1. Return the residues of the range B:119-145 that are hydrophobic (A, V, I, L, M, F, W, C) and crowded, with 16+ Cβ neighbours inside 10 Å; say none if nothing qualifies.
2. Could you list, in sequence order, the residues of the range A:103-112 that are within 13 Å of A:GLY279 (Cβ to Cβ) and small (Gly, Ala, Ser)?
3. Of the numbered conditions (1) more than 10 Å from chain A (Cβ to nearest Cβ); (2) in a loop (DSSP other than H, G, I, E, B); (3) more than 25 Å from B:LYS195 (Cα to Cα); (4) not aliphatic (A, V, I, L, M), B:GLU34 satisfies every one except a single condition; which is it?
4. Go through the range B:65-93 and give me each residue that's touching a Ser or Thr at 6+ places or on another chain (Cβ under 8 Å) and touching a residue at least 24 places away in the same chain (Cβ under 8 Å).
5. Which number in (1) closer than 30 Å to B:ILE102 by Cα; (2) of a type outside the set (Ser, Thr, Tyr); (3) not in a helix (DSSP H, G or I) marks the one condition that A:GLY282 misses?
6. How many residues does the range A:400-435 hold that are under 30 Å from A:LEU154 (Cβ atoms) and modelled with pLDDT of 90 or more?
7. In the range A:1-30, what count of residues is obtained for those that are away from every other protein chain (no Cβ under 14 Å) and in contact with a helix residue (DSSP H, G or I) (Cβ under 8 Å, 6 or more places away or on another chain)?
8. Before we move on, is A:GLU353 in contact with a Ser or Thr (Cβ under 8 Å, 6 or more places away or on another chain) and free of Cβ contacts under 8 Å to residues at least 40 places away in the same chain?
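The values are calculated or read from the model by the stated rules, or taken from the named source; none is laboratory data. Keep in mind that this is a model prediction, so the values were computed, not measured. Cβ: placed from backbone, ideal geometry, glycine included. Neighbour counts: every protein chain shown.
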Amino acid sequence: MNVLDLIGTAASNTFRSKTRTVLTILAIFVGAFTLTITNGLGTGINRYIDDTVTAIGAEDVMTVSVSQDANAGFADSSGPAEYDPDAIASDGFNRPGSTVVALTPDDLEALASIDGVLDVEATKSISPDWIQAGDGPQYLTSVGGLVDGQTVQLAAGAAPSADSDAFELNVPISYVESLGFADADAAVGQTLTIAITDAERTQHLVDATIVGVAEESIAATGAGGLVVNDALTDELYTTQNIGISLDEQERYAQASIRFDAAATDADVTALKERLTDAGYTGTTVADQLGTFKTIIDAIVLVLNAFAIIALLAASFGIVNTLFMSVQERTREIGLMKAMGMGGGKIFGLFSLEAVIIGFLGSAIGVGIGMLVGTGISSVLAGALLADLPGLTLIAFDPLSVTVIILVVMAIAFLAGTLPAARAAKADPVESLRYE
Amino acid sequence: MTTPIIRVKDVHKSYGKGPNRFDALKGVTFDINEGESVAIIGKSGSGKSTLMHVLALLDAPTSGTVELEGIDTSTLKGKKLNRARNKTFGFVFQQFFLTANISVLENVMLPMKIAGVRRSERKARAHAALEQLEMDDKASNKAVNLSGGQKQRSVIARALVNNPRIIFADEPTGNLDTATGGNVEDILFALNRDKGITLIVVTHDDELAARCDRRIYIRDGLLVNDTTEVAA
């Protein structure tokens with residue numbers, strides 16, 4: 001018997017006893033359906049995190065600051081830490097009142113010379129007093145810029161242009177109503193006034209154009225504040241530093257370095273080590289969100305374990321179904337053996353039947369799972385998860401869906417081996433005598 | 001002298017061990033020549049079914065040899081054995097052993113499917129065999145819907161389809177009424193006569209046995225009478 005005939009015969013045998021087969025398929029379906037949903041949940045959430053990662057920072061960007069002694073500023077057994085004139089008060093990154101050691105132009109040069117660093121850019125920290133649209137109320141905010149490779153998830157308009165000399169910025173969608181605009185689209189093109197105080201205690205007003213409205217996200221660019229372009233950053237930074245001598249001006253809490261986008265995890269780790277050796281600390285976006293992803297993966301793993309348990313229960317159904325089938329077809333098996341069908345082929349016939357049941361159960365389970373999952377996530381996206389735009393709770397990628405089907409088929413095959421082996425071993429004479 | 005198609009030499013077959021040991025065959029020796037029609041006759045429990053299973057290579061003898069065309073069948077293993085069964089033998093059983101819910105055609109094609117014959121050729125040959133038995137009009141019927149006589153004719157078509165050298169018939173008319181049974185007998189003997197297919201019939205029906213060239217009587221696992229030897 002050739003392979004095609006074997007498959008064809010197995011397929012037609014599968015539906016010899018329809019009710020039994022359908023019930024077994026249903027059991028497999030439940031397992032495959034659950035596995036699809038739980039897997040989709042993992043895919044959806046992780047994909048959302050990945051999207052967020054690209055928003056927070058490009059994959060090839062690392063935030064660098066000067067490494068410090070954890071006990072700096074506190075007396076310890078080795079006595080008080082020595083005063084460091086480069087230590088500056090930093091806000092936004094650490095506890096209020098704590099200091100970081102600033103990066104000087106020398107540090108920037110040192111960083112640029114480290115092997116693997118393609119580009120260094122100091123993070124200019126800007127602290128505006130308030131912002132105001134038209135004659136509306138004044139609000140507190142923070143300001144952040146975009147590094148190459150960073151994206152903004154936009155609700156309206158466009159991201160601020162890096163090349164433009166015009167002052168452009170994005171406001172978060174939560175600001176729209178407070179600033180007095182009807183909706184996100186209405187805000188685009190309007191002017192926003194930013195007040196900033198320089199070192200001589202003089203307040204300056206800078207006008208900029210709102211070119212886009214950013215979606216809220218769990219880790220939005222600019223820490224949920226304004227996203228400004230380079231021209232505006234420079235303007236605000238210069239304004240803020242009026243009255244500070246030039247060499248005092250160039251003190252930065254952080255810098256962004258770029259490395260080869262094709263760098264592997266090992267390369268990144270090596271780069272971090274070189275930075276540490278040089279006295280700096282580098283953190284990638286992946287580091288910041290790594291823990292988060294690990295937790296999601298663990299939860300999905302537990303959910304998947306439940307689905308696998310369901311599948312195992314279903315696989316006993318397959319064993320049972322096929323044992324009954326072997327029992328019913330005892331004489332047929334005997335006849336086929338008498339006619340010269342080998343034990344291996346008989347084994348193949350029954351285990352293929354198990355694989356077909358597994359395939360049907362998993363294909364239907366995965367199909368309906370995808371439909372239901374897509375339905376659920378689109379319903380939730382409009383209701384429960386409306387505050388997390390861009391999140392598709394249950395998403396599917398072709399690879400994991402294929403893997404699910406293959407895994408279920410493999411489980412079904414394993415379940416089928418027991419009855420199939422019994423059929424293969426059957427003695428033709430005994431089988432033909434069987435009443 | 002030509003080699004007999006089957007040569008049985010001092011065949012013993014026993015089941016079980018120790019005190020439960022049951023000797024179904026206690027030393028049987030005979031030859032069957034190509035083209036013969038042979039009846040193996042005996043009461044139930046005489047060992048005639050065991051003898052047929054041993055002849056059809058479904059069961060190996062405990063001791064003694066069975067030669068198929070001069071080849072000791074104990075040397076045939078695995079694929080060779082399966083091939084020998086598939087190509088050389090056709091089976092007709094009292095209980096038909098048709099698969100109930102598939103078509104007559106599918107049932108008849110089964111031995112060729114096992115042999116790995118191409119589908120188109122399978123169909124053509126199955127139709128030809130059914131035509132020979134005037135069953136071609138029932139080809140697409142489900143086996144379960146046939147009458148007893150039709151079932152047995154389908155079984156004969158299935159036995160014929162691989163052009164076997166030997167047809168084993170185990171009580172071929174046991175489940176049929178006299179007229180239908182006679183009809184089936186006619187078909188079997190016609191095949192024996194016209195195509196030279198060796199026919200080995202296991203039966204306790206004396207009338208059927210009487211139509212065979214030769215009758216081998218079995219009692220308590222021993223050959224008690226062989227008509228050719230008596231004639232010789």
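1. B:ALA126, B:ALA129, B:LEU130, B:LEU133, B:MET135, B:ALA139, B:ALA143
2. Passing the criteria: only A:ALA110.
3. It is condition (3) that B:GLU34 fails.
4. Correct list: B:THR65, B:VAL66, B:GLU67, B:LEU68, B:GLU69, B:GLY70, B:LEU81, B:ALA84.
5. (1)
6. 0
7. 8
8. So A:GLU353 does not fit the description; no.
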